[in-house]
Amino acid sequence: MVGIRAVQRAATRQQILEAGLELVRQSGFGKTTTGEIAKLIGKAHGTIFVHFATRDALVMEIIKAIGSGLTDHLARMSSDSFGLGQFLDAHLAVLREAEELHSALLQEMSSLPASARAYVMAMQSGVSARLGRALQVDIDKGLARPFDKVALANIWIALTNHYLLNSDLFAPGESVIVRHGAALKSQLLAIIEKEPIHV
């Protein structure tokens, strides 16, 4: 049986993570301090380090929370029977749900710990693998022409990352995914569209 102290400890850890996510959403990783997180949850600053040995360890857990949000959402919204269009819709939906977090992650990647950067690359590899499976569904149904799956995934990730990184230019004051997501999806689908048969 789980003791009351263990439950309280887990609840405090979760509070810290949620506060960290909220502050990163508002201000980015660089401007989010452990002191601000402690203040937001109404705990002593030292409480943070009872649950996370260092700030980098906390940053890593915040990034893992962003990553699990991505993978959990895609798992709920996509399946091996989904074609590319459905997969792209699911991916755009998860990016929209945590748009500020994904933007902060991309914008501050070079200043994050190496382990965090490796984790982000693993997240993108997961997206790439799922996109490849979705493309194969469309190819098998005769809806798409054969195309290098890695190249197509790289194009999609580059497109979405480019727009997230430059959202202030592409959609100042609003969601870049809401404003441009459909166009990005159309651009990718046009690449693998089968040529019309002329009779």
Exercise. Determine which single condition S103 fails, assuming it passes every other condition in (1) among the polar types (S, T, N, Q); (2) open to solvent by 70 Å² or more (accessible area, probe 1.4 Å); (3) modelled with pLDDT of 90 or more.
Key: (2)
Exercise. Among the residues of the range 163-183, write down those that are surrounded by 13 or more Cβ atoms within 10 Å (Cβ to Cβ) and part of a helix (DSSP H, G or I).
Key: Y163, L164, L165, S167, F170, V176, I177, R179, H180, G181, A182
Self-check item: Single residue of S125, S115 found to be of a type in the set (S, T, N, Q) and either open to solvent by 80 Å² or more (accessible area, probe 1.4 Å) or over 13 Å from the mean Cα position of the chain (by Cα) (or both)
Solution: S115
Quiz prompt | Single residue of S125, S111 found to be in contact (Cβ under 8 Å) with a residue 60 or more places away in the chain and among the polar types (S, T, N, Q) | solution = S111
Quiz item: How do the helices (runs of 4 or more DSSP H) wholly within the range 17-90 filter down when requiring 1 or more residues that are acidic (D, E) and open to solvent by 60 Å² or more (accessible area, probe 1.4 Å): which remain?
Solution: 34-41, 55-77
Self-check item: Close pairs (6 angstrom Cβ cut-off, 6 or more residues apart or separate chains): closer than 14 Å to D89 by Cα in the range 171-194, of a type in the set (K, R) and open to solvent by 20 Å² or more (accessible area, probe 1.4 Å) anywhere
Solution: I177/R96
Quiz prompt | Test for G67: is it in contact (Cβ under 8 Å) with a residue 24 or more places away in the chain and within 30 Å of I191 (Cα to Cα) | solution = yes
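The values are calculated or read from the model by the stated rules, or taken from the named source; none is laboratory data. Everything numeric here is computed off the predicted structure, so don't read it as measured data. Heads up, the Cβs are rebuilt from the backbone with ideal geometry, glycines too, and the neighbour counts pull from every protein chain shown. Side chains are part of the model used for accessible areas, which takes the heavy atoms of the whole protein and leaves out ligands, DNA and RNA. Shrake-Rupley method; radii C 1.70, N 1.55, O 1.52, S 1.80 Å.
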